[in-house]
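See below for the structure under consideration.
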Ligand SMILES: [Zn+2]
């Protein structure tokens, strides 16, 4: 299984400045190519990373915030062979697919109807696909229907927190994940706790104890503080191997987990 990061930036100012890109990430396993959270630049970044977006099989969008969803229609058009083929899977939050709080859906019905299967993600309501399952996880975020995801493949589980602050019990969704991807947007938070801070990330990693933690979705303050410094602080505090993702980082998970001496499951 391979992970490819098409962007590791998050938040309004990293988005606007593109100090880190905002294309989301891919999970590749055999013929399955999952694109998660295609923010601005996702389509272009996929080509730049030599990852043909027309081979996308599943698109997962955690919520209707700009840095997570705006390239979704472009990826859908690629995934459906330029709209010619009715194929692919789209999973997204309620606001994104149905609209919410007076807003129209973030992805128009025109694009939703191109895809063979469309699912609204709801916390705890597991979704079955060919070769893997996905457990949507609850978040504490401004977009209240935002969900994270646990991608459950037979040999490997990859958890993704999406956006939102830590809350007691969050770890219950991520039990037994091998790899945990966290959106640690900032080293600390000034105001309303709706985003994942470094301290939040430490709490979750400590409670879940994955084999590998990968942090990403860095806001400008996180970039100034230093993503690698954040990762090493998580590792020090929890004893879990932690990496700060970089734009266009490709990671063969069997090799990466092998480095931790954890090869038994692959
Ligand atoms: Zn958000």
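Annotations
- Residue check, residue 262 farther than 25 Å from residue 92 by Cβ, out of contact with any strand residue (DSSP E or B) (no Cβ under 6 Å at 6 or more places or on another chain), modelled with pLDDT under 95 and not in a strand (DSSP E or B): yes
- Within segment 240-258, residues that are more than 21 Å from residue 18 (Cα to Cα) reach no partner that is modelled with pLDDT under 95 and part of a strand (DSSP E or B) with beta carbons closer than 7 Å at six or more positions or on different chains.
- Single residue of segment 193-214 satisfying the filter (crowded, with 24+ Cβ neighbours inside 10 Å and within 16 Å of the ligand (Cβ to nearest atom)) that is farthest from residue 37 (Cα to Cα): 200
- Among the residues of segment 111-126, not a single one is within 16 Å of the ligand (Cβ to nearest atom), in a strand (DSSP E or B), in contact (Cβ under 8 Å) with a residue 60 or more places away in the chain and under 22 Å from residue 210 (Cβ atoms).
- One residue alone among 94, 119, 143, 113 is under 12 Å from residue 63 (Cβ atoms) and more than 16 Å from the chain's Cα centre (by Cα), and that residue is 94.
- Verdict on residue 64 being buried (at least 20 other Cβ atoms within 10 Å of the Cβ), within 16 Å of the ligand (Cβ to nearest atom) and more than 15 Å from residue 2 (Cα to Cα): yes
- Only a single item in (1) surrounded by fewer than 18 Cβ atoms within 10 Å (Cβ to Cβ); (2) assigned to a helix (DSSP H, G or I); (3) touching a residue at least 12 places away in the same chain (Cβ under 8 Å) is not met by residue 224, and it is number (3).
- Those strands (runs of 3 or more DSSP E) lying entirely in segment 30-110 with at least 3 residues touching a strand residue (DSSP E or B) at 6+ places or on another chain (Cβ under 6 Å), modelled with pLDDT under 95 and under 22 Å from residue 141 (Cβ atoms): none
- Top-ranked residue in segment 35-55 [being surrounded by 24 or more Cβ atoms within 10 Å (Cβ to Cβ) and away from the ligand (no atom under 16 Å from the Cβ); ranked as nearest to residue 253 (Cα to Cα)]: 35
- Only one of the numbered conditions (1) within 16 Å of the ligand (Cβ to nearest atom); (2) part of a strand (DSSP E or B) is not met by residue 151, and that is (1).
- The one condition in (1) modelled with pLDDT of 95 or more; (2) at negative phi that residue 18 fails to fulfil: (2)
The values are calculated or read from the model by the stated rules, or taken from the named source; none is laboratory data. Note that the structure is a prediction, hence the values are computed from the model and not measured. Note: ideal-geometry Cβ built from the backbone for every residue, glycine included; neighbour counts use all protein chains shown.
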